[in-house]
1. Considering only region 482-499, how many residues are modelled with pLDDT of 80 or more, surrounded by 15 or more Cβ atoms within 10 Å (Cβ to Cβ) and part of a loop (DSSP other than H, G, I, E, B)?
2. Looking at (1) in contact with a strand residue (DSSP E or B) (Cβ under 9 Å, 6 or more places away or on another chain); (2) within 30 Å of residue 141 (Cα to Cα), can you tell me which one residue 228 breaks?
3. Quick check on region 286-307. Is at least one of its residues modelled with pLDDT of 95 or more, under 30 Å from residue 424 (Cβ atoms), surrounded by 14 or more Cβ atoms within 10 Å (Cβ to Cβ) and outside the structural domain of residue 385 (by TED's automatic domain parsing)?
4. Just a yes or no: is a residue in region 449-462 at pLDDT 95 or above, surrounded by 15 or more Cβ atoms within 10 Å (Cβ to Cβ) and under 19 Å from residue 268 (Cβ atoms)?
5. List every residue pair whose Cβ atoms sit under 7 Å apart, with the two residues 6 or more apart in sequence or on different chains, where the first one lies in region 252-266 and is part of a loop (DSSP other than H, G, I, E, B) and the second, anywhere, is within 12 Å of ligand 2 (Cβ to nearest atom) and at pLDDT below 95.
6. Look at region 465-479 and say how many of its residues are part of a helix (DSSP H, G or I) and free of Cβ contacts under 8 Å to residues at least 12 places away in the same chain.
7. Among the numbered criteria (1) out of contact with any strand residue (DSSP E or B) (no Cβ under 8 Å at 6 or more places or on another chain); (2) within 16 Å of ligand 2 (Cβ to nearest atom); (3) in a helix (DSSP H, G or I), which single criterion is violated by residue 120?
8. Of 248, 239, 235, which residue is assigned to a loop (DSSP other than H, G, I, E, B) and touching a residue at least 12 places away in the same chain (Cβ under 8 Å)?
Ligand code: AMP
Ligand code: MG
């Protein structure tokens, strides 16, 4: 018998019985491999010759459980739009198992859209092709942008329709993650007062993501701090690239610090801090500029689950001491976030370290300028690199009145003179490596998904994906993907949860 294409080593299944339901993926009528991520397969040490063919199609559609897999649906809870749901869990996903990648990192392999599970509630456990390809495009774009994210390994068509407002082609996504531990995983057991299980989960999370903290005296407080620091860094990266997640419920906030669950997410076009695209986010809870605040709110929910662990068995007074310590971490979040944001903004502005207050104001005033003149966020930053190379025309042409940016540009240029040439090819090149030319523009994503879903034509999806994998290149082939949508299109753009 041939060796399994995966060398599974399943710690979640082994170490955390009672945290999941063992389950099998549903069989589908006609598996076909629509997308296979060869580069990622190699990174994971998988055998692409087996996977990139009929056997891969059968595995990625859920029809064939590969040897060594122990498919399971994970239990989790979560605060959705602020309200607590004690039982969510993998309603349409199954963890197949874990592999160790070429760099020695443990990675989860998960099917999404693989049928009903004990956590499905009213849902059908299935996924439509469009939203699964959307997750591929955005996750792979985020990865190319250097932002921690789950990855997309494969998409298999199922050959059966899924019924939403109308029948749509069905598909299964294979997703790869550092882990699928969520704030909501902790909430699930905390809400049931299963403190021993919360401790087991925290120990598992420490071993997996912060192994150097294992066995240290204040490890649970340190875990909270690490998760908060990872989320602070992540929020800064989202903000600096104009990403709006759209559904930052605590079941979608990871312990690893990776971005997860690309449902109603979208990228900013014309800069607007209040931007909301999700059709169900009526109050703007997950608006662009609210994201760091909401991340902190989610971390406070994690902190609550960890309080008994932080307090330990030290009796009276220990709990209030733990509350004080956890509060300090949550209160430090805005500073961590601000520091990470400024670091990223300085790189985008092409500045070396300088006076924090001045540089914060410089970046804030730049954003205000983009906002007031409805300048495209991505192009605004990108054309600043041309200005650094001595050509301000492309930047000025983004503004309705070309002189609108003059005063700010003069300030930026004078700040640049602190020890470095304000205009230099070297500086411009550095800026072009952090200010992307190509992001997943909403109209391009929709166009690619509709061709795939309505006409069975994957060519636009493939072309867009290729462009997104080289976000900092601005070649002829890339040019069409750098253009914003017309303002009317963006004004009416609405996204939906990826069910
Ligand atoms: P999400 O919006 O993808 O983060 O999912 C939130 C919750 O709804 C999770 O518990 C999912 O497993 C569940 N869910 C989403 N779509 C479906 C579906 N089609 N069938 C069953 N459960 C689903
Ligand atoms: Mg989710």
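The values are calculated or read from the model by the stated rules, or taken from the named source; none is laboratory data. Everything numeric here is computed off the predicted structure, so don't read it as measured data. For neighbour counting, all protein chains shown are included, and Cβ atoms are generated from backbone atoms with ideal geometry for every residue, glycine included.
1. 4
2. Every condition holds for residue 228 apart from (1).
3. Applying the first criterion (modelled with pLDDT of 95 or more) to region 286-307 yields 286-307.
Those still in the list that are under 30 Å from residue 424 (Cβ atoms) too: none.
No.
4. Checked against the condition, which is being at pLDDT 95 or above, surrounded by 15 or more Cβ atoms within 10 Å (Cβ to Cβ) and under 19 Å from residue 268 (Cβ atoms), region 449-462 yields no hits at all.
5. Sorted first by the residue in region 252-266, then by its partner, the pairs are 262/498; 263/497; 263/498; 264/497.
6. 4
7. With (1) out of contact with any strand residue (DSSP E or B) (no Cβ under 8 Å at 6 or more places or on another chain); (2) within 16 Å of ligand 2 (Cβ to nearest atom); (3) in a helix (DSSP H, G or I) applied to residue 120, the lone miss is (3).
8. 248
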